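So the structure is just underneath, and the comments pick up after that.
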Amino acid sequence: MKITPQDIQTQEFNVKVKGYDRDEVSQFLKQAAQILEKEILENSRLKKELEKMKDNLLKFEKRDEVLRDTLISAQKFSSEIKVNAERESELIIKESELKADEIISSAINRHKSLKEEIRNLKFKRKEIESDIINMLNSLKELIESYRKDDEEFEKVEYMSK
């Protein structure tokens with residue numbers, strides 16, 4: 001049998017000559033006490049469960065906060081990595097451009113140097129060609145001179161015969 005607070009307030013006891021039936025009142029009070037005790041125990045258990053739930057909620061809120069902080073840190077770290085990677089790529093590009101400029105400049109200088117060297121070699125070759133032609137002409141003249149000498153010698157020999 002369940003008793004509510006209203007049942008306790010509206011409970012009527014049989015009246016005897018000297019008042020209420022003591023056994024009936026006593027029985028009712030025992031019943032009310034038992035129910036109240038059960039309710040107090042249930043209330044205590046629910047309070048403990050509520051405290052546990054609050055503790056769990058607090059733990060979950062702390063985990064949530066840690067996860068949020070971790071996520072924010074990861075996002076910052078990711079952003080920093082991205083910024084650093086962009087800076088590094090810009091530096092690499094600038095260094096590559098400088099090296100490319102140096103290589104191009106070196107190639108241009110080398111090209112100019114080779115052109116100058118080729119021009120000098122052509123000039124020397126023309127000088128050598130000219131010297132060889134002059135030498136050949138001199139040799140030709142010398143040979144012609146020897147031939148003339150030989151012809152004259154033969155004439156002299158022919159005449160001496």
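What follows draws every value from the coordinates through simple rules; no lab data is involved. Remember, it's a predicted structure, so these values are computed and weren't measured experimentally. Cβ coordinates were reconstructed from backbone atoms using ideal geometry, including for glycine residues, and neighbour counts include every protein chain displayed.
Quick notes
- Degrees, to the nearest 10: 22-160 long Cα axis against longest axis of the chain: 0
- Residue separation of Ser73 and Asp131 scaled by 0.36 nm, minus their Cα-Cα distance, works out to 12.5 nm of gained length.
- Qualifying lysines (Cα of each under 22 Å from Cα of Lys112; at least 8 residues distant if same chain): Lys99, Lys122, Lys124, Lys126
- Rounded to the nearest angstrom and listed largest first, the equivalent-ellipsoid semi-axes of the chain from its Cα gyration tensor are 140, 14, 7.
- For the pair Ile104 and Glu61 in one chain, pulling the backbone fully straight at 0.36 nm per residue adds 9.2 nm over the alpha carbon distance.
- Spatially proximal lysines relative to Lys48 (Cα-Cα < 24 Å; intrachain offsets below 8 disregarded): Lys38, Lys59, Lys62
- The stretch between Leu121 and Asp21, if pulled fully straight at 0.36 nm per residue, gains 21.5 nm over its current Cα-Cα span.
- FRET efficiency for Glu12 and Glu37, using Cβ-Cβ distance with R0 set to 25 Å, rounded to 0.05: 0.55
- Dipole in debye (nearest 20) - the chain, about Cα centre, beta carbon charges: Lys, Arg +1; Asp, Glu -1: 1100
- With contributions of -39500 (n - 2.57) from each DSSP H run of at least four residues, the per-residue ellipticity at 222 nm computed over the chain stands at -34500 deg cm²/dmol.
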